[in-house]
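Read-outs throughout are calculated quantities, based only on the coordinates presented, and are distinct from any laboratory measurement. Everything quoted here is computed from the prediction, not taken from an experiment. Because the Cβ atoms are built from the backbone with ideal geometry, glycine has one as well, and the counts that use them run over all protein chains shown.
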Amino acid sequence: TFSEDLKARVANLYSQGDMTMREVAETFNVSLGFVHNIVTYHGQFGQVTNPHTSGSHGRQRTLDTIDMIFIREVIKAEPSLYLDEIQHKLMIARD
């Protein structure tokens with residue numbers, strides 16, 4: 001994944017009109033496809049990323065990493081627990 005700064009510099013250099021996409025790609029040591037995507041996004045959306053695909057997708061996770069570790073350890077210690085019992089232990093641990 002490339003930084004926003006690099007993407008902005010690619011778009012800026014190409015938009016100056018002095019270089020081809022291939023020359024911009026060689027200047028920054030990135031692929032021609034990368035430059036093409038950045039230039040396309042910049043032209044279509046006015047930014048260097050596609051707003052429809054960047055960022056998180058779907059709803060936010062209910063369980064974080066600490067919760068997952070806790071659940072794994074509970075199951076390891078008591079593998080015969082039912083889901084409702086695991087949920088109860090997690091609820092108590094969160095409070």
Residue 65-residue 3 FRET efficiency (beta carbon distance; Förster radius 25 Å; 0.05 resolution): 0.50
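Taking the Cα centre of the chain as origin and charging only Cβ (+1 Lys, Arg; -1 Asp, Glu), how large is the dipole, in debye to the nearest 20? Intermediate results must be reported in sequence, preceding the final value.
Working: 9 positive and 12 negative charges, 27 e Å.
Charge dipole of the chain: 140 debye, to the nearest 20.
From the alpha carbon gyration tensor of the chain, can you work out the equivalent ellipsoid semi-axes (sqrt of 5 times each eigenvalue) and give them in Å, largest to smallest?
Values: eigenvalues 492, 37, 18 Å².
Sorted largest first and rounded, they come to 50, 14, 10 Å.
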Simple label model, 7 Å out from Cα along Cβ direction - residue 77 to residue 18, nm: 6.5
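Rounded to two decimals, what ratio of Rg to Rh does the stretch 4-45 give with C-alpha atoms and a Kirkwood Rh? Don't skip to the end; give the middle numbers.
Numbers: Rg = 8.9 Å, Rh = 9.8 Å.
Here Rg/Rh amounts to 0.90.
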Rounded to 10°, Cα long-axis angle of helix 83-94 versus longest principal axis of the chain: 70
Helix-only mean residue ellipticity at 222 nm for the chain, each DSSP H run of n ≥ 4 adding -39500 (n - 2.57), per residue, nearest 500: -19000 deg cm²/dmol
